[in-house]
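Colleague: I have a structure I would like to understand better, so I am pasting it below and will then ask my questions one at a time.
The values are calculated or read from the model by the stated rules, or taken from the named source; none is laboratory data. In this text, all values refer to a predicted model and were calculated from it rather than measured experimentally. Cβ coordinates were reconstructed from backbone atoms using ideal geometry, including for glycine residues, and neighbour counts include every protein chain displayed. Quick note on the areas: whole protein, heavy atoms, side chains included, nothing else; ligands and nucleic acids left out. Shrake-Rupley method; radii C 1.70, N 1.55, O 1.52, S 1.80 Å.
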Amino acid sequence: MASKGSQNGEFSFATSPTIARGRHGLPKIHTEKKKEEDEICHDDSAPPVKAKTLDELHSLQRKKSAPTTPITGTQGAFGATLSEEERHRQQLQSISASLASLTRETGPKVVRGDPARSGETPRVEHVTHHHYAPTFAVSDSALKFTHILYNLSPAELYEQAIKYEKGSFITSSGALATLSGAKTGRSPRDKRVVKDETTEDELWWGKGSPNIEMDEHTFLVNRERAVDYLCSLEKVYVNDQFLNWDPNHRIKVRIVSARAYHSLFMHNMCIRPTPEELENFGTPDFTIYNAGQFPCNRYTHYMTSSTSIDMNLDRREMVILGTQYAGEMKKGLFSLMHYLMPKRGILSLHSGCNIGKGGDVALFFGLSGTGKTTLSTDHNRYLIGDDEHCWSENGVSNIEGGCYAKCIDLSREKEPDIWNAIKFGTVLENVVFDEHYREVDYTDKSVTENTRAAYPIEYIPNAKIPCVGPHPKNVILLACDAFGVLPPVSKLNLAQTMYHFISGYTALVAGTEDGIKEPTATFSACFGAAFIMLHPTKYAAMLAEKMKKHGATGWLVNTGWSGGSYGSGSRIKLAYTRKIIDAIHSGTLLKANYTTAEVFGLEIPTEIEGVPSEILNPENTWSDKKAYKDALLKLGGLFKKNFEVFANYKIGADNKLMEEIVAAGPNF
């Protein structure tokens, strides 16, 4: 035992045992095997790992994903019983075919897996192709391997983005923050569509059309540029996914990209295949080549900048050069659906969609700022989708597998569902965050005002999975009328529904430096002119036909101003608009009494529970009746002027339908 020593604080021992000495006079260490009952700690003991090296240890950490369908006896997409190895081989062959140059006999040598992982055995494939174009001598790029990162999971894509893409960070909520480069929005003036013998007659060209023509040769030049760029990289990301939740009208899409950000974005926005569906995916119906980090050649015909988004409907291909903004892929596929679906008798729609507990479906159309997202997100109803839908003989279906929400000024209080959806797996575009805590400041516009979040629709608690529903009962057209002359709600007949659907009206508030502000009318055909491919009247005629067949009612809902224009009147309270929407859903508004308003000829209800009756007719809310009449006539004139480009388009042999539509507009 130790005893207290002298006053200098040293200790001495009562006994001093003899210590055995080893080499250099150092004491030997004696170890004795303790009895089991003498062990102090039991929970730390474990046998050593089987690995002999760190690489072996790391390989033990990752468990190989097992096939979800039996390998023996599985019927593949290529019409034969396939082994797992054969499936992977044909999968790589299909990807090599997608990446094939049109001027060479073979596709690139592709190998599956991350080139950064050592110790993995590559599976190499390339495919021989036969094209009309001449072949050239072998190039350096033909001698290298292109690694294919195929349908990676969000976790794997996070790793890729964080490690290889500057500007990628994990935020405090778990979402992946990333940057889209110089372009923070779509480039509609750089979008091109190949004009050939078929599309010349089918598509909408000319004044007001979003379709800017290019010839096939120029498309092939840009395609070659994109494919050469992608094949020059050490690795590319390949997503095989679906569009349209209706299994009878599903479209298979392949997205080839150079960034993990783009791959994760499309993983969220398209419908994610099950492992079984992926094993039998086969050849895609449409392919996107996203070489957005590489510019187009400005000296190429039809090019007006270093950016070009090109679509070839005959080849079922899309090429992206000179922009990394991921929304180009989403909306490019939407344009594709606007072309393919009507050919099948299916109406493609730029709308929100929800369904009540009783099975009643409502469609919501509206431009930015009209409240489409807010009003279609209702905790008393299930969300089918927030942006893109199809209306077929089976009912409605969401085209997408995710949501692409605006984030500017986002708050937990205003949009709790979107706020809570921003978690692991979500892509946050161009947001600003605290450099230490990684907390996002959604009010900061330092990068852009167009900050966005892309997340799977399953992240919304009341989403209906699968995202399909019966035929709509109500079609709601939303307008934020800053002129203050449209009623808060009006019931539309079929001709009026077509007129206002083709018009696609809302009003923006324009400001000047000296503080003078006045409303500016904005029209976007079918509430999505930038994405439609056919003439707007064709979509409107299909909408009217389906509404008539299935007994749907059209409504025009004004979420804008009352009692005066912007600056003198006031915004209609959201609580009142919600009461109006509730009355539409419940069917009580159909039973109301109506009066007819002048100029636009709209039917206005005289009473709605929870809404002051005096605001239902906008004229009653204006103290200056002459100012009201002037504003009403001004807006009516703007509608007439906008509709001139459509009025001469004939529908049917006798053109009576177009005459009815024009007559359903403002009359004065």
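Colleague: Restrict the check to segment 616-627 and report whether at least one residue is in contact with a strand residue (DSSP E or B) (Cβ under 6 Å, 6 or more places away or on another chain) and hydroxyl-bearing (Ser, Thr, Tyr).
Modeller: Yes.
Colleague: For residues in segment 356-395 being under 30 Å from Ala521 (Cβ atoms) and of a type in the set (S, T, N, Q), which is nearest to the chain's Cα centre (by Cα)?
Modeller: Among those that are under 30 Å from Ala521 (Cβ atoms) and of a type in the set (S, T, N, Q), it is Thr373.
Colleague: Hey, another quick one. Residue check, Pro416 against (1) out of contact with any strand residue (DSSP E or B) (no Cβ under 8 Å at 6 or more places or on another chain); (2) open to solvent by 60 Å² or more (accessible area, probe 1.4 Å), all met but one. Which one?
Modeller: Looking at each condition in turn, Pro416 falls short on (2).
Colleague: Could you grab the pairs with beta carbons closer than 7 Å, sequence gap of 6+ or different chains, first residue in segment 100-125 and under 26 Å from Arg315 (Cα atoms) and part of a loop (DSSP other than H, G, I, E, B), second one modelled with pLDDT of 85 or more and of a type in the set (Val, Ile, Thr)?
Modeller: Ser101/Val227; Pro108/Thr146
Colleague: Pairs under 8 Å by beta carbon, first residue over 25 Å from Tyr339 (Cα atoms) and touching a residue at least 60 places away in the same chain (Cβ under 8 Å) in segment 276-288, partner open to solvent by 40 Å² or more (accessible area, probe 1.4 Å) and not β-branched (Val, Ile, Thr), six or more apart or different chains?
Modeller: Cβ pairs passing all conditions: Leu278/Asn151; Glu279/Pro67; Asn280/Gln75; Asn280/Ala77.
Colleague: Output the number of residues of segment 323-362 satisfying the condition of being out of contact with any Lys or Arg (no Cβ under 8 Å at 6 or more places or on another chain) and over 23 Å from Gly402 (Cβ atoms).
Modeller: The qualifying residues number 5.
Colleague: Of all residues in segment 297-324, count the ones that are buried (at least 20 other Cβ atoms within 10 Å of the Cβ) and modelled with pLDDT of 95 or more. Reasoning before the result, please.
Modeller: Of segment 297-324, the ones buried (at least 20 other Cβ atoms within 10 Å of the Cβ) are 303, 307-313, 317-324.
Filter once more, so that each one left must be modelled with pLDDT of 95 or more: 307-313, 317-324.
Selection size over segment 297-324: 15.
Colleague: Would you confirm, using the coordinates I've provided, whether Gly484 is at pLDDT below 95 and outside any strand (DSSP E or B)?
Modeller: So Gly484 fails the test.
Colleague: Shifting gears a bit: For Thr606, state whether it is touching a helix residue (DSSP H, G or I) at 6+ places or on another chain (Cβ under 9 Å), open to solvent by 30 Å² or more (accessible area, probe 1.4 Å), under 21 Å from Val475 (Cα atoms) and of a type in the set (Val, Ile, Thr).
Modeller: Numbers: touching a helix residue (DSSP H, G or I) at 6+ places or on another chain (Cβ under 9 Å): yes; open to solvent by 30 Å² or more (accessible area, probe 1.4 Å): yes; under 21 Å from Val475 (Cα atoms): yes; of a type in the set (Val, Ile, Thr): yes.
Spelling it out, Thr606 is indeed touching a helix residue (DSSP H, G or I) at 6+ places or on another chain (Cβ under 9 Å), open to solvent by 30 Å² or more (accessible area, probe 1.4 Å), under 21 Å from Val475 (Cα atoms) and of a type in the set (Val, Ile, Thr).
Colleague: Residues being open to solvent by 40 Å² or more (accessible area, probe 1.4 Å) and among the charged types (D, E, K, R): count how many of those fall in segment 369-413.
Modeller: Going through segment 369-413 one residue at a time, the tally reaches 5.
Colleague: Specify the residue that is modelled with the highest pLDDT; the eligible residues are those in segment 143-153 that are more than 26 Å from Ala421 (Cα to Cα) and open to solvent by 30 Å² or more (accessible area, probe 1.4 Å).
Modeller: His147
Colleague: What number of residues in segment 154-174 are among the hydroxyl-bearing types (Ser, Thr, Tyr), over 19 Å from Asp114 (Cβ atoms) and open to solvent by 20 Å² or more (accessible area, probe 1.4 Å)?
Modeller: So the first thing to find is which residues in segment 154-174 are among the hydroxyl-bearing types (Ser, Thr, Tyr), and the list is 158, 164, 168, 171-173.
Then keep just the ones that are over 19 Å from Asp114 (Cβ atoms); that gives 171-173.
Within this subset, residues satisfying the condition of being open to solvent by 20 Å² or more (accessible area, probe 1.4 Å) are 172-173.
Going through segment 154-174 one residue at a time, the tally reaches 2.
Colleague: May I pose another question? Checking the conditions here, which among Lys629, Lys650, Lys656 is more than 24 Å from Ile584 (Cβ to Cβ) and either open to solvent by less than 80 Å² (accessible area, probe 1.4 Å) or at pLDDT 95 or above (or both)? Break it down stepwise before answering.
Modeller: Values: Lys650 fails: either open to solvent by less than 80 Å² (accessible area, probe 1.4 Å) or at pLDDT 95 or above (or both); Lys656 fails: either open to solvent by less than 80 Å² (accessible area, probe 1.4 Å) or at pLDDT 95 or above (or both).
Within the list Lys629, Lys650, Lys656, the selection yields Lys629.
Residue by residue, here is whether (1) touching an Asp or Glu at 6+ places or on another chain (Cβ under 6 Å); (2) open to solvent by 10 Å² or more (accessible area, probe 1.4 Å) holds:
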position	(1), (2)
Lys195	yes, yes
Lys235	no, yes
Leu243	no, no
Ile251	yes, no
Val256	no, no
Met269	yes, no
Thr283	no, yes
Asn290	no, no
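Colleague: Next question. Can you tell me which residue among Leu543, Leu574 is of a type in the set (A, V, I, L, M, F, W, C), in contact (Cβ under 8 Å) with a residue 24 or more places away in the chain and open to solvent by 60 Å² or more (accessible area, probe 1.4 Å)?
Modeller: Details: Leu543 fails: open to solvent by 60 Å² or more (accessible area, probe 1.4 Å).
Exactly one of Leu543, Leu574 is of a type in the set (A, V, I, L, M, F, W, C), in contact (Cβ under 8 Å) with a residue 24 or more places away in the chain and open to solvent by 60 Å² or more (accessible area, probe 1.4 Å), namely Leu574.
Colleague: Please go through segment 326-349 and pick out each residue that is surrounded by fewer than 23 Cβ atoms within 10 Å (Cβ to Cβ) and part of a loop (DSSP other than H, G, I, E, B).
Modeller: Hits for segment 326-349 are Arg344, Gly345, Ile346.
Colleague: Give segment 581-603 a look and list any residue that's open to solvent by less than 50 Å² (accessible area, probe 1.4 Å) and within 18 Å of Leu635 (Cα to Cα), or say none.
Modeller: Hits for segment 581-603 are Ala597, Val599, Phe600, Gly601, Leu602.
Colleague: If I filter segment 108-142 down to residues being at pLDDT 75 or above and not acidic (Asp, Glu), which single residue comes out as farthest from Val256 (Cα to Cα)?
Modeller: Restricting attention to segment 108-142, the residues satisfying the condition of being at pLDDT 75 or above are 108-116.
Keeping just the survivors that are not acidic (Asp, Glu) gives 108-113, 115-116.
Values: Pro108: 14, Lys109: 15, Val110: 13, Val111: 14, Arg112: 14, Gly113: 15, Pro115: 17, Ala116: 19 Å.
Only one residue fits best here, namely Ala116.
Colleague: Since Pro188 meets every condition but one in (1) closer than 22 Å to Leu92 by Cβ; (2) at pLDDT below 95, which condition does it not meet?
Modeller: All conditions pass for Pro188, except number (1).
Colleague: Let me ask something additional. Mind listing whichever residues of segment 514-572 are more than 21 Å from Ala482 (Cβ to Cβ) and in a loop (DSSP other than H, G, I, E, B)?
Modeller: Start the filter on segment 514-572 by keeping residues that are more than 21 Å from Ala482 (Cβ to Cβ), which leaves 526, 530-554.
Within segment 514-572, Ala530, Phe531, Ile532, Met533, Leu534, His535, Gly551, Ala552 meet the criteria.
Colleague: Output the residues belonging to segment 422-454 that are surrounded by fewer than 22 Cβ atoms within 10 Å (Cβ to Cβ) and under 19 Å from Glu156 (Cα atoms).
Modeller: Result: Lys423, Phe424.
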